[in-house]
1. What are the semi-axes of the equivalent ellipsoid for region 138-236, taken as the square roots of 5 times the Cα gyration tensor eigenvalues, largest first, in whole Å?
2. From the Cα trace of the chain, what convex hull volume per residue do you get, rounded to a whole Å³?
3. So in the chain, what percent of DSSP beta bridges are antiparallel if you round to the nearest 5?
4. Just to be sure I understand: of the beta bridges DSSP finds with both ends in region 454-564, what percent are antiparallel, rounded to 5?
5. Give me the one-decimal nm value for the distance between modelled label points at S311 and R494, 7 Å along each residue's Cα-to-Cβ direction.
6. Which far-off residues, 5 or more places away or on another chain, put their amide H under 5 Å from the one on V449, with H placed in the peptide plane?
7. Net charge near M242, counting Lys/Arg +1 and Asp/Glu -1 over other residues with Cβ under 14 Å of its Cβ?
8. Which order, highest average first, do 365-375, 127-137, 339-349 follow once you tally other Cβ atoms within 10 Å for each residue and take the mean per peptide?
Amino acid sequence: MPPREAAADLVALLADEGVSHLFINPGTDTAPVQEALAAARSAKTAHPETVLCLHEYVALSAAIGHHMASSEPQAVMVHVDAGTLNLGGAIHNAQRNRTPVVVFAGRAPYSAASEVRGHRDSPIHWEQEQLDQPAVMRAFGKWTMEVPRGRELASIVRRAFQVGRSEPTGPTYVMLPREALMEPGPGSLPPRLKPPLPPAPDPGALTELAAILAGAQRPVIVTARTGAHPENAAVLARIAEMIGAPVLDHRDRANLPGRHPLYAGLEVDRFLPRADAVLLLDVEVPWVPALAAPPPEARILQIDVDCTKPSMPLWSFPVELALTADSRLALPQLEDALCGLATAERVQAWAARRHQVETELAEIRAGWLRQSGTSEPATAPDAMMRALDRALPADALLIEEAVTNRPAVARQVCRPPGHYFQTGAPALGWAMGAAVGIKLARPTQPVVVVCGDGSFNFGVPNAALWTAHRAGAPFVTVILNNRSYYASKRPVLRLYPEGAAAAAGDFRETELSPAIDYALLAQACGGDGRVVEAPADLGAALTWALGEADQGMCTVLDARLPRP
Ligand SMILES: Cc1ncc(C[n+]2csc(CCOP(=O)(O)OP(=O)(O)O)c2C)c(N)n1
Ligand SMILES: [Mg+2]
């Protein structure tokens, strides 16, 4: 038997690395991989399921979503420079989400000699060759490499997964020239290169951090994604309860269980300016100094796998004590350390503060509730999100890209840990592709996207809906249709309140009219849709949509909001 081609090694390696789905948009250079996948399917040897994505942006967004829901390593395969460029802002989202995804891209064949297997056979093999194809990935990823020969492929792929899965995790990029894919592999695959264990906190520094928190009069916890590990939520809740600290929550995930009485949402200006100690826990941007900040004398503490965040050129938050640690390891140790510091006097002070903070938060929550009950145009998003909260089944997974309506979601919608996903990164259009990946990762749970009308369109919705339909990954989308890029209109009003745009009411760069028939768009992709005119109609519409999704149909609810 001739030795196995490197492309077949690649298929076996993906399966062995634990990749369940390969999100792919193919080209002339991926032909050996397509052949190897077909051979593996026919021989019933281990292989990932391929998910044909009609656009690369959808492919990488799906990988980001799948990882959020499964914690499994991911793989995406695209066509040469063109496919890489079409990954677009999803590369930024993969970077900011620290998604351990290996992006494979073809690379134009090197050889024009017809005796070389895989040689150039089209003019595009000159046109699609670039001086620096990996440049775009180098700007956002952790590591890039090209496979020079078939026999090197396996060790390079092992390394790509190892680097991507090491904390802080992130995307890597492997270029695959067609000749290398068609050359023989090494015969046997090298063993998996295990990523290092996640970092545990320095014991002395943890004791010091606990002592500062325990001695604080007005401690505040700020988090965004500690609930990426859902088991953290209960520990975080116990810590917050013990010391009576409100939890300011940027909500990249659901970080606290249920409607926790210490959940302070995005009410940053209510708590930060009074804090004397602030714990930054798995949060990328804890506050915006121009909007609200702790006083200069407050003691800022941090627990994160990536404390200095070198991928953000300016990150100058005044952290006094930073612990590089996986919060799964650090939080239980912090809880123990705080228990050790719980003198009778402290326990009394902590309990009194907890009562005070919970009372204040109960008033704030009552305000949120009132906001969702009025019929004012300004509070229509709150009313719509309240209706969504009521209508979501208990096991539904919510994917949020609601932009200016994000605060309304944070006020009104509560999901259990492990049931809420937000990109926490501003390249819009992530949610639609992410839903495909999340549904594939958790096929038995209903998946619901809530997104802006602008974000929906950034998500290449025809590609996302078709891809979901084809892959058997149906989900429901609730479009918060304010017929506006409100996020791009608001700064004009803020920066030029008396300006020409405000005076003439001229916002033509941000008004999304004429309207798109989103229900029809969904139908064109094999799904269905309805208009929801008022919050009171959302519940019945969602029940209908979830029923359709159960039958394999992607459904879109065009939820009308006043244009702000
Ligand atoms: C890929 C990408 N392009 C452009 C932007 C700039 N941008 C930020 S918010 C926004 C408007 C979003 O509109 P929509 O989703 O309808 O939300 P709304 O502002 O109406 O709440 C735009 C264009 C972006 N963040 N990402
Ligand atoms: Mg909008």
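None of the figures in this text is laboratory data; all of them are computed from the coordinates on show. The structure presented is a predicted model; accordingly, all values stated were derived computationally and were not measured. Every residue, glycine among them, receives a Cβ derived from its backbone with ideal geometry; neighbour counts consider all protein chains shown.
1. Numbers: eigenvalues 375, 40, 26 Å².
Listed largest to smallest, the semi-axes of region 138-236 are 43, 14, 11 Å.
2. Values: hull volume 91.9 nm³, N = 564.
Value for the chain: 163 Å³ per residue.
3. Values: 3 of 67 bridges.
Taking every DSSP beta bridge with both residues in the chain, the antiparallel ones total about 5 percent.
4. Numbers: 1 of 12 bridges.
Percentage antiparallel, nearest 5: 10.
5. 2.5
6. I399, V476, T477, V478
7. Numbers: positive: R238, R346, R353, R354; negative: E241, E335, D336, E358.
Combined, the nearby Lys, Arg, Asp and Glu give 0.
8. Values: 365-375: 13.9, 127-137: 15.5, 339-349: 12.1.
In descending order of packing, they fall as 127-137, 365-375, 339-349.
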